Amino acid sequence: MTVNQLVEVVSREAGLPRSWVAYEVYLMWKRGELNIEHEPLENAVMFLASVDGVWYWVTLAITLASLAVVMLVKGGPLMPIRYLLGAVSVLFMPGYSIVEALYPRGDELAPLERLALSIGLSLAVVPLVGLILNYTPWGIRLIPIVISNTALTIALLTVAALRKARYASTPKDCFT
Amino acid sequence: MGLAVLVLAALSLVTVAVEAQQPPRSLLLAYGNVSAIGAEGGNVTGLVATLNEAINLTEAGQYDNAVGLALSILNQAPALARQVEQRRLIEAVAYVALGALAVGALTLLYLRHRELVGSLWLRFRGGDRVTLGGGRARGFLTDSEILAVLTGLVIVFAVFLAAHSLTGVEATQFSAIGLLGPGGRIGGYPTSVAVNQTINLYVLVYNHMNRPIWFVVYIYVTNNTTPPPLPGSPLLTYQRILLSNETWVAPLSLRLNETGDFRLVGELWMYNPLNLTLTYTGEYVQLWVNATGG
């Protein structure tokens, strides 16, 4: 049975809008009560162009937005956004990208474990970036820190995306 | 001081080898105006550069030119102050508008999230097959525990933001003076030098007063342990107006032509932007150097 068919049946029997039923099915999939399967994607390009690859583009957009805001916003009403994105890019994104690269399938860890590991690994990795920068000619300054942190995050996100793409291109029977 | 000290170089454009003379009143008034505009958030980078140029001219004895620059700044100041006031008003309106927009968008998103997410998901995943799952959660933003943690973070962030905007608390104001080694970094300071050997150091001044400040650094060489501010005329004077958050590093070279233990002291003074008087900040650096006969 496809998602459309399931939503249609439940919507008709329960008298609820299709979008509401679809939302409940989506939540059941996220909670692991349902599996949603589609044809294996052939390569990484197809993965990144598919709806499964939206994850990569969203996290990439957040990372690049953080870079832009930190570099461009020096004051004014956008400062709270700088604080927020700056905190996310330092305290969450590096660790999150590592976790995604290490556990690309999505259901290996509980969501709370994924969050805790993301924050913890960020706290562990960012000082190491600072340590390495200390021995470079650029030193520990704002621009080298922001650029190296962004580059590390993007590299790890790309590794995670490639691993997810490889998983998505494999028939699911291999993992059962 | 009774010490024979030979100064080698006058180190930067704004360094003078005698005690700083009282600057022209118009220059001080211009500084006060520029500092006030800078404190209100105005961009005074160009004006501070002009003031520093006027300070240089004063030190070179060209008082008329310095006063001319100061008067031109005094003429520009009222218009700039009005611009800053208007900008602050626009910023306040922008803050309220952005806040209202964000609250409105979030409310709408919350009220319509089922329809929005459901229809989008159905459009992209409608053709996929559904089977029974293994019970392992994969959602990040759909997990109730994650949402609880995020809610906590949002509350903490919102409280700090509200407190900051309501009380108008600004960052702690301070200034700092430092002495850097020959490589322009902390460390590598000479402790023992031969008589007439050149000592190369750097003086660092940092402004975190949230406004442009006119700093004056007095350099003394003495052999007593009197706590600063030291009496008498300084050996060297550095002065410069620094923008908020600006750091200034100036080279310092000198030679000692007598043996003994000498104390190099750098005192940080500033022209108070409110009453335009030269005030000791209470901050100083010192370095003991032993000059030997070899």
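Just so it is clear, none of the values below were taken in a lab; they were calculated from the coordinates. From a predicted model like this one, the values you see are computed outputs, not experimental measurements. Ideal geometry is used to build each Cβ from the backbone, glycine not excepted, and the neighbour counts take in all protein chains shown.
Worth pointing out:
- Folded to 0 to 90 degrees: helix A:93-102 orientation relative to chain A principal axis, Cα: 50
- In this Cβ point-charge picture (+1 for Lys and Arg, -1 for Asp and Glu), chain B has a dipole of about 1180 debye about its Cα centre.
- FRET efficiency, B:LEU150 to A:MET46 (Cβ-Cβ, R0 41 Å, nearest 0.05): 0.80
- The amide H of B:MET209, built 1.01 Å from its N in the peptide plane, has B:PHE174, B:ASN245 as neighbours under 5 Å, considering only residues 5 or more places off or on other chains.
- Quotient of C-alpha Rg and 2.2 N^0.38 Å, computed over chain B: 1.53
- Inter-probe distance in nm under a simple model that places probes 7 Å from Cα toward Cβ, at B:ASP64 and A:TYR103: 7.9
- The C-alpha atoms of chain B define a longest principal axis, and helix B:45-59 lies at about 0 degrees to it.
- What you get for chain A, charging only the Cβ of Lys and Arg (+1) and of Asp and Glu (-1), is a dipole of about 740 debye around the Cα centre.
- Exposure proxy ranking, count of Cβ atoms within 10 Å, fewest first, for B:VAL48, B:VAL96: B:VAL96, B:VAL48
- Tilt relative to chain B, helix B:144-167 - C-alpha long axis, 0 to 90 degrees, to 10: 40
- Hull volume per residue, based on the alpha-carbon atoms of the protein assembly as shown and their convex hull, is 189 Å³.
- Trypsin sites (Lys or Arg not before Pro) restricted to DSSP loop in region A:141-170 with at most 14 other C-beta within 10 Å: A:ARG141
- All C-alpha to C-alpha distances of region A:41-171, sorted into 10 Å bins beginning at zero, yield P(r) values of 13, 38, 33, 14, 2, 0 percent in whole numbers.
- Considering all C-alpha pairs of region B:161-238, those separated by over 18 Å amount to 63%.
- For region B:137-294, a simple Cβ point-charge model (Lys and Arg +1, Asp and Glu -1, everything else neutral) yields a dipole of about 280 debye relative to the Cα centre.
- For region B:67-87, backbone nitrogen atoms closer than 20 Å to the point 7 Å from B:GLN22 Cα along Cα-to-C-beta are found at B:67-68, B:70-71.
- Rounded to whole numbers, the Karplus 3J(HN,Hα) couplings from phi for region A:15-20 are x, 10, x, 4, 5, 5 Hz, using 6.51 cos²θ - 1.76 cosθ + 1.60 with θ = phi - 60°, and x at Gly and Pro.
- For the residues of A:69-80, the average number of beta carbons from a partner chain within 10 Å of their own beta carbon is 3.
- Counting beta carbons within 10 Å around each of B:LEU287, B:LEU274, B:LEU98, B:LEU252 and listing the fewest first gives the order B:LEU274, B:LEU98, B:LEU287, B:LEU252.
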